[in-house]
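J.: Questions regarding the structure given below will be posed in turn.
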Amino acid sequence: EDHWKKVYEKAGQFDKEFCGGWNSEIDALLTFAGLFSAVVTAFTVESYKLLQPDAQDVTNRILLNVSAQLAGRNATELPSGFTPAPSSIRINALWFLSLTFSLTAGLVGILCKQWLRHYQQDISKPPREAVAIRQFRYDSLVRCRVMDILNALPVLLGLGLILFFVGLIVFLQGLD
């Protein structure tokens, strides 16, 4: 029984270091994902307006039409529809994808953090049973590929960052 206690203590030390490293990395990724999502959202809110007709232009056309009718002149036809510029569509597509990647990384990071917290929960059982439960949890962590998922989080954030910068370049090119 004493050797099971030693095994459980050694496993606990391993788990503390193992999960501690991942938890601190996830915290950093979640902080970046949150700040980055806020920045992308601010840009997206402004660029989304480019996909809609300018309300002031529509109002001016309506007023000109009413004014022409009141003056007894032929009223000009209002345009039937609005088509956003292709660059506006590209910018918004890139920025919405960027935001989606960032939010997905945040969600997956939170889920993995919860998984690691559950993995580290204290087991109030005799040492032999505690070692078996701990091993079951570790095997599940490996089988569910949680480490691979955690390794994918920076990739998701990197892709989001690249998409954001490409959208920013397209946006700045349109300012000529």
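J.: Starting from the Cα of Lys5, draw a straight line to each of the lysines and keep only those under 24 Å, dropping any in the same chain fewer than 8 residues away.
T.: Lys16, Lys125
J.: Based solely on its DSSP helices, what 222 nm [θ] is calculated for the chain when runs of n ≥ 4 H residues each add -39,500 (n - 2.57) and the sum is averaged over all residues, nearest 500 deg cm²/dmol?
T.: For the chain, the value works out to -29000 deg cm²/dmol.
J.: For the stretch 77-176, what is the accessible area per residue in Å² when the probe is 1.4 Å?
T.: Here the per-residue accessible area is 62 Å².
J.: Which value does Rg/Rh take for the stretch 41-134 over its C-alpha atoms, Rh per Kirkwood?
T.: Here the Rg-to-Rh quotient is 1.52.
J.: Given the convex hull of the Cα atoms of the chain, what is a quarter of its surface area in nm²?
T.: The number I arrive at for the chain is 15.0 nm².
J.: Just reorder Tyr48, Tyr8 by solvent-accessible area, largest first, 1.4 Å probe, all chains present.
T.: Greatest to least solvent exposure: Tyr48, Tyr8.
J.: For the stretch 1-69, how big is the tail of P(r) above 17 Å, as a whole percent of Cα pairs?
T.: That tail contains 72 percent of the Cα-Cα pairs.
J.: Related question: State the three equivalent ellipsoid semi-axes of the stretch 75-176, derived from the C-alpha gyration tensor as the square roots of 5 times its eigenvalues, in descending order and whole Å.
T.: Gyration-tensor ellipsoid for the stretch 75-176: 50, 14, 9 Å.
The values are calculated or read from the model by the stated rules, or taken from the named source; none is laboratory data. Since the model is a prediction, treat every value here as computed from it, not as a measurement. Areas reflect the complete protein model, heavy atoms only, side chains present, ligands, DNA and RNA absent. Shrake-Rupley method; radii C 1.70, N 1.55, O 1.52, S 1.80 Å.
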